[in-house]
Amino acid sequence: MLSTGMALPDLHTAADPDPLIVARAALAEVFGFHDFRPGQEEVITSLLAGRDTLAVMPTGAGKSLCFQLPAVIDGGLTVVVSPLIALMDDQVRALRLQGVAAGALHSGRSREDNSDTWREAMAGRLRLLYAAPERLMLDGVMEGLSRIRLSRLVVDEAHCISRWGHAFRPEYLALPRLRARFPGVPVAAFTATADAPTRRDIIENLCSGDAEEFVFGFDRPNLTIRIAEKRDPQRQIIAILDDNPARSGIVYRLSRRSVEETAADLVRRGYNALPYHAGMPAEQRAENQDRFVSEDGVVMVATIAFGMGIDKPDVRFVVHADLPSSIEAYYQEIGRAGRDGAPSTVTMLYGLADIRQRRRFIDDSDAPDEQRRVEHQRLNALLGLCETTECRRKALLRAFGEELEERCGNCDVCLDPPDVIDGTVPAQKVLSAILRTGSRYGAAHVVDVLTGHVNDAVTQYGHDALPTFGIGTEFDKNGWRSVIRQLVATGVVDIDTTGYGALMLGPRGRAVLKGEDPIGLRRPVKEDKAKPRRGKSSPAVTASPQNAPLLTALKALRRDIARELGIPAYTVFHDRSLTEMAERRPGSLDALSGIHGVGAAKLDKFGARFLAEIEASVGSV
């Protein structure tokens, strides 16, 4: 049976009618927080007023609290639609620890567990019910919900309803029936990633075209953004792991095979790495995911099948060892780093082969022409980010319609500004070589022609007699590959995705060749100077040196409690809470209740054990 939780305030019976006063009281009492994060108060106010609401909030901004807190204080049942089993289970576990009656319905739970949850919901003993969309839309579930008091319907990851979104889910298409079935129940939609067309789709489909819309920006200033040419991805991955010793991180690879090979190589080298992809047995995937969220210092090597909805706050780095599918997908995936607000690093490696592969994926899909056109535009936006010579964060935010006034100072372009050259003449040399060889050859052959490299293919086709043979004396082969990659990213050169990757003139090619469209390029660097800049590793959330031993002891206690309960360690207390305990050393339950994240239920469950650990540490000094 599910715990019904502790006695919680009800907005409809509260002595003070001001909903925000009641909300603030519950914020401290239940969740242990003493103030709202930016944007939360506005969204919560809209929800408590019963308005349909769309909230676009960056990852780590606390969007889940925006619907969990109203559910705690206004009675009735809040139904939360989510496509993510892992996220549902994590949030239910965390809510129960905080004394909130919550449950989940999805295919990952046993029939008996789902039946128990359903009975609790129908009896009015739950405040939040999480459900996968396909289960929620079953006729029996819809009929049952029509017989109880629903406070609101929440659709999480709402961008999944839009065919223009980067993560469209067909099962979300049935959700507009919720409006017809429950016309008087407010609908709230939440997402971290939605451009203007996607937001219009969400409001039209879920909110009948009318909703309070909140877009709180997309900036994640705690993330250091780095993008580098892919030269030796395994070596580059290892350099990043060495900069983040014993820290949790995610390495994304495009294929299942590359996931397996990368993870196996890292394990051989002594790293605590695990694979994750959709081709693995479900039990192994679940076991690896549980280890990642429960243990410190695990590196997950995964396809994009992993990560969406993983609420692990202390992921210190994310590596894209292959090019993501779009700028929206990239933003979503780097959002898994630094959810606790502490400094974290996100690194992308890419090359010409990545661009060709991504173009081919789009061209070979069975999507309508218009959708493929949009997907190419989204990929182009990502390539523009890769090759920009301005602040990366400015370019990333501009793709979402947000302008950053000043350089961020926390990306590779700001930290190590590139040498920008007039690239018109080098570009014209590349374009001339492409045309004179018949637009039939890939980058390697074009580079051989430019650098005057004699081989069988060059001599067989007489390309050593071309005027362009050997004219590229200003760069070595790696340099010309860099130039070509930049020209592809900026639309000067195109890649034939239907054949063997032949280079062709792109949309800007003729104008650049005629000198009508000057182009700037990053000056290519020689290979021995192209190693990833190590820089400063991201500091973990930690206590002062004199209190570090106590913080270590508190983390060990948290780990033991998590193992006893079979839950991720961060659902007991986040690192910030433990750091405050180590620094402030509370000596009573009342003092402990003033620590960030220590609500009444957790104080009751764990307070005495953490106080005992603090007292033992103080006594041993």
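Throughout, read-outs are computed from the coordinates displayed, never taken from laboratory work. Everything numeric in this text was worked out from a predicted model, so none of it was measured. Cβ placement follows ideal geometry from the backbone for every residue including glycine, while neighbour counts extend to all protein chains displayed.
Descriptive notes on the structure:
- Long pairs among Lys230/Lys477; Lys63/Lys312; Lys312/Lys394; Lys429/Lys477; Lys63/Lys230, criterion Cα-Cα beyond 24 Å: Lys312/Lys394; Lys63/Lys230
- Listed values for the stretch 493-498 are Karplus-derived 3J(HN,Hα) couplings in whole Hz (6.51 cos²θ - 1.76 cosθ + 1.60, θ = phi - 60°), namely 10, 10, 10, 6, 7, 8, and x replaces Gly and Pro.
- By the Kirkwood approach, averaging reciprocal distances over each pair of separate Cα atoms, the chain gets a hydrodynamic radius of 26.6 Å.
- The stretch 347-424 and the stretch 444-484 have Cα centres spaced 28 Å apart.
- Taking amide H as placed 1.01 Å from N in the peptide plane, Phe214 has its amide H under 5 Å from the amide H of Leu54, Ala55, Val56, each at least 5 places away in sequence or on another chain.
- Working from the Cα coordinates of the stretch 223-415, the gyration tensor eigenvalues give, after taking √(5λ), semi-axes of 26, 21, 16 Å in decreasing order.
- Ranked list, fewest to most other Cβ atoms within 10 Å of each Cβ, for Trp118, Trp480: Trp118, Trp480
- In this Cβ point-charge picture (+1 for Lys and Arg, -1 for Asp and Glu), the stretch 300-379 has a dipole of about 220 debye about its Cα centre.
- The chain: relative contact order as a whole-number percent, Cα under 8 Å and 6+ apart: 13 percent
- Comparing Cα centroids, the stretch 281-328 and the stretch 148-208 end up 26 angstrom apart.
- Rg over Rh [alpha-carbon atoms, Kirkwood Rh] for the stretch 545-620: 0.92
- For the stretch 420-529, the fraction of alpha-carbon pairs in successive 5 Å shells from zero, as %: 2, 13, 25, 25, 20, 10, 3, 0
- Degrees separating the helix 548-565 axis from the principal Cα axis of the chain, which is the longest one: 70 degrees
- In order through the stretch 400-416: 3J(HN,Hα) via Karplus (6.51 cos²θ - 1.76 cosθ + 1.60), integer Hz, x for Gly, Pro: 9, x, 10, 9, 9, 5, 10, 4, 7, x, 9, 9, 5, 5, 6, 6, 9
- Each helix, a run of at least 4 DSSP H residues, gives -39500 (n - 2.57); summed and divided by the residues of the chain, these come to -13000 deg cm²/dmol at 222 nm.
- Three-way shape call for the stretch 340-450 based on the alpha-carbon gyration tensor, with the a/c threshold at 1.5: oblate
- Ranked Met57, Met504, criterion: other C-beta atoms within 10 Å, fewest first: Met504, Met57
- Around Gly335: net Lys/Arg minus Asp/Glu count, Cβ-Cβ under 13 Å: -1
- Sequence-distant residues sharing a close amide H with Tyr130 (under 5 Å, placed H): Val80, Gly103, Ala104, Leu105
- Cα gyration tensor category, rounded, prolate or oblate, for the stretch 19-215 with a/c compared to 1.5: rounded
- ³J(HN,Hα) computed for each position of the stretch 368-380 - Karplus, 6.51 cos²θ - 1.76 cosθ + 1.60, integer Hz, glycine/proline x: x, 4, 5, 5, 5, 4, 5, 5, 5, 4, 5, 5, 4
- Selection from Gln377, Ala104, Val449, by position along the positive dipole direction of the chain (Cβ): Val449
- Taking the convex hull of Cα positions in the stretch 50-134, its mean projected area over all directions (nm²): 6.0 nm²
- log10 of Debye I(q)/I(0), alpha-carbon scatterers only, for the stretch 370-432 at 0.13 Å⁻¹: -0.49
- Close amide H partners of Val493, meaning residues 5 or more places away or on another chain with modelled amide H under 5 Å apart, are Val488, Gly506.
- Exposure proxy for Asp139, Asp419: other Cβ atoms within 10 Å of each Cβ, ordered fewest to most, give Asp139, Asp419.
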